[in-house]
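*Asks:* One structure, as structure tokens, below. Some questions next.
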Amino acid sequence: VQLQASGGGLVQAGGSLRLSCAASGRTLVNYNVAWFRQAPGKEREFVAAISRTVGRTYYSDSVKGRFTISRDNAKNTAYLQMNSLKPEDTAVYYCAVNDRLRIGVTPPEYDYWGQGTQVTVSS
């Protein structure tokens with residue numbers, strides 16, 4: 001499966017962005033989908049995930065209540081709605097998928113990755 005992440009940009013603190021992760025080659029319904037992010041000089045960190053079956057969602061504590069992950073299986077696309085953005089949310093955001101039973105919250109648990117999209121939040 002190939003993944004294409006988009007929707008990043010420059011936004012002021014308190015603003016919103018919606019990231020998209022479009023899949024091709026395979027149907028997204030068979031995969032757990034996650035978003036990770038990586039800021040300069042830092043390790044890649046888990047942001048949110050949604051399961052492949054019942055659509056159960058998981059969030060890191062740092063984004064819970066501000067970000068929402070969703071999926072549209074008909075469009076073969078997953079989304080990350082980001083509200084109330086903060087400067088510390090600045091990073092390159094990556095979408096990733098796996099077809100494992102365990103949804104996973106660490107990068108090694110994901111098998112396919114998109115190319116990343118830059119999100120910059122100004123103060």
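*Asks:* Kindly indicate which of A34, A49, A22 is within 18 Å of T117 (Cβ to Cβ), open to solvent by 30 Å² or more (accessible area, probe 1.4 Å) and either at pLDDT 95 or above or in a strand (DSSP E or B) (or both). First the steps, then the outcome.
*Replies:* Numbers: A34 fails: open to solvent by 30 Å² or more (accessible area, probe 1.4 Å); A49 fails: open to solvent by 30 Å² or more (accessible area, probe 1.4 Å).
A22 is the lone residue from the list that is within 18 Å of T117 (Cβ to Cβ), open to solvent by 30 Å² or more (accessible area, probe 1.4 Å) and either at pLDDT 95 or above or in a strand (DSSP E or B) (or both).
*Asks:* Of these, G41, G14, which one is touching a Ser or Thr at 6+ places or on another chain (Cβ under 8 Å), more than 18 Å from T117 (Cβ to Cβ), not polar (S, T, N, Q) and not in a strand (DSSP E or B)? Even if it seems obvious, please write down each step before you answer.
*Replies:* On the way: G41 fails: touching a Ser or Thr at 6+ places or on another chain (Cβ under 8 Å).
None of the other options fit; the residue is G14.
*Asks:* Here's another thing I want to ask about it. Between V63, V54, V121, which is among the hydrophobic types (A, V, I, L, M, F, W, C), at pLDDT 95 or above and more than 15 Å from the chain's Cα centre (by Cα)?
*Replies:* Working: V63 fails: more than 15 Å from the chain's Cα centre (by Cα); V54 fails: at pLDDT 95 or above.
None of the other options fit; the residue is V121.
*Asks:* Across the stretch 89-119, what is the number of residues that are in contact (Cβ under 8 Å) with a residue 12 or more places away in the chain and open to solvent by 50 Å² or more (accessible area, probe 1.4 Å)? So that I can check it myself, show each step before the final result.
*Replies:* Of all residues in the stretch 89-119, those in contact (Cβ under 8 Å) with a residue 12 or more places away in the chain come to 89-100, 103-107, 110-119.
Now narrow it down to the ones that are open to solvent by 50 Å² or more (accessible area, probe 1.4 Å): 99-100, 105-106, 111-113, 115, 118.
So the answer is 9.
*Asks:* For the structure I just gave you, tell me whether R56 is exposed (fewer than 13 other Cβ atoms within 10 Å of the Cβ) and basic (K, R). Write out each step before concluding.
*Replies:* On the way: exposed (fewer than 13 other Cβ atoms within 10 Å of the Cβ): yes; basic (K, R): yes.
Yes, satisfied.
The values are calculated or read from the model by the stated rules, or taken from the named source; none is laboratory data. Because the structure is predicted, anything quoted here is derived from the model rather than measured. Neighbour counts are summed over all protein chains in view; Cβ atoms, including those assigned to glycine, are modelled from backbone coordinates with ideal geometry. The protein model used for the area step is the full one, side chains on, heavy atoms only, and it has no ligands, DNA or RNA in it. Shrake-Rupley method; radii C 1.70, N 1.55, O 1.52, S 1.80 Å.
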